[in-house]
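A quick write-up on the structure given underneath.
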Amino acid sequence: YGTHYSNVGAVLYYLIRLEPFTSYALSIQGGKFDHADRLFHSVAETWQNCLTDYTDLKELTPEWFYLPEFLVNCNKLELGTRQNSVGVSDVVLPPWARSPEDFVMKNLVALESEYVSANIHRWIDLVFGCKQRGTAAVEANNVFFYLTYEGMVDVDSITDPVIKSSMQSQIAHFGQTPTQASSKPKGTNSALSSGGDYSSAFIEIQDRKSRKVLGKKRSLSAPKQNVSDLIAFLHGGMVLCTHQSVVTCVGTSNLGTILTLGCIDGTISVWKVASMNWTLLDSLKIFRGSKSSSKPVNANDYSADQVLLGHNAQINCVIASDELGVCISGSVSNECLLHNLEDGSILHSFEVPGHLEPGVISLALSNVGHVVLQSMGTGAPMLYSFHLNGTMLAKLSLGDRPMTSLSICARYSKVIVSNSARALVMTAHTLDDQRILLEQDAYGEISSQGLAPDEMHVVFGVGSGKIVCLPLLSPSLSPHRTEM
């Protein structure tokens, strides 16, 4: 090939609608955009060109799997008009993609598919492995310009400044082949099972006595009492300090390193608990102590690392993400805010319809940037799906029965909702393709739910005294549209 699959030109071709790539593209083109017919206009056209023209090859950038904005001309750039008189603006998507968000999520889900797992070793061999160089590369039609290969030329040893500059420019613009990781063929991977052919597994609790449950990660609804005096930090049995404001909800981050307390005054206190032993009792009481009993403890250390501002009403629900570095909260006034945990700034205010109390009553966040929340702002329970950038993706009426539990699965872009009568699973960014996971008639009223760490199973606590475990993607669960 005369060019390389991983180069500056391909990156700027895909990302020209986003800064700083827009400015980079303009600088390369002398301050103006390339001819409209050569810009990224259609996914289908780009695919067809790469498929049929051996001089056209482009490596997909990570944005294809997480950032729908690269497909949208959100900055209203004047990208010109093609020879067929069609103006270039947003990228034309394939017919199977409803929106840029849907396109990106389907790409992401495809990475976990059985087909990719069975064939990705071929790509690894070409890019990083045994077919990157030598005879195997020739047989696989995988040979590129010699300067793209690591170690083919020692630029530092070139004394002629003109030749050296030319070499460096060629390497920068033609791209570079990654370091060869292995000279042996990569074995195949098989996709993880979607749960087997069983319909459910359950554990029956013989002792039905009421008792406290430890380790509950977050509260999805506000307590019905003043619980400020129940939030306490202890060491060696001695109370060091208590939380001062009235706490209305509690949440932890996905990795359990950040504790967030929503308060009646609209503030959110953020506590870093990664280095501490702490237990959350009934989502109301917090006990915290050092890992070593000999470690000196200062009561002054037990203060919030950060206080997030912006709400003007009581906080109903709050959740944080270690991976994304954000905190999302919902209030009685039906306001939902996204905060940056790095500096406490407000990144977005989600436009949730309605202003009636109790407002936003529950929410969930996935590590790929999907926010699903339940709101009573219009007087009836509604489910909304947002992208982390604040764009509303979908909404769904829940009839007259709000849900009591909400979980989100990033791996398959699914959201699981339940109330006492039934549990449903649906697509997170479209809130469609609904299927019934569990109904009250099977085991009794549903009292709680949780998503397994592998995001392949859902666990429910039910009124019959059993804990029911169901595969999230069981083929035996037929699609079924229903109201809660």
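Observations on the structure shown:
- Listed peptides 463-470, 28-35 by packing density, highest first (mean Cβ within 10 Å): 463-470, 28-35
- Nitroxide proxy distance, nm - points 7 Å out along Cα→Cβ at Leu51 and Ala380: 4.4
- Centroid-to-centroid separation of segment 335-380 and segment 90-137 [C-alpha atoms, Å]: 33
- Rounded to the nearest 20, the Cβ-based charge dipole of segment 8-174 about its Cα centre (Lys and Arg +1, Asp and Glu -1) stands at 240 debye.
- Among 316-324, 389-397, the order from most to least packed when residues are scored by Cβ within 10 Å on average: 316-324, 389-397
- As a rough footprinting exposure proxy, the listed residues Trp47, Trp96 were ranked by other beta carbons within 10 Å of their own, and the order from fewest upward is Trp96, Trp47.
- Segment 8-174: C-alpha gyration tensor shape, a/c 1.5 cut-off, then a/b vs b/c: oblate
- Taking a Cβ cut-off of under 11 Å around Glu63, the surrounding Lys, Arg, Asp and Glu residues balance to a net charge of 0, with basic ones at +1 and acidic ones at -1.
- Ranked packing of 172-185, 449-462, most packed first, by mean Cβ within 10 Å: 449-462, 172-185
- Calculated from backbone phi, Karplus (6.51, -1.76, 1.60) coupling profile of segment 337-342 in Hz, x at Gly/Pro: 10, 10, 10, 8, 6, 6
Every number here is computed from the coordinates shown, using simple stated rules; none is lab data. Just so it is clear, the structure is predicted and the values come from calculations on it, not from any experiment. Don't worry about glycine lacking a Cβ; one is built from the backbone with ideal geometry, like all the others, and counts go over all protein chains shown.
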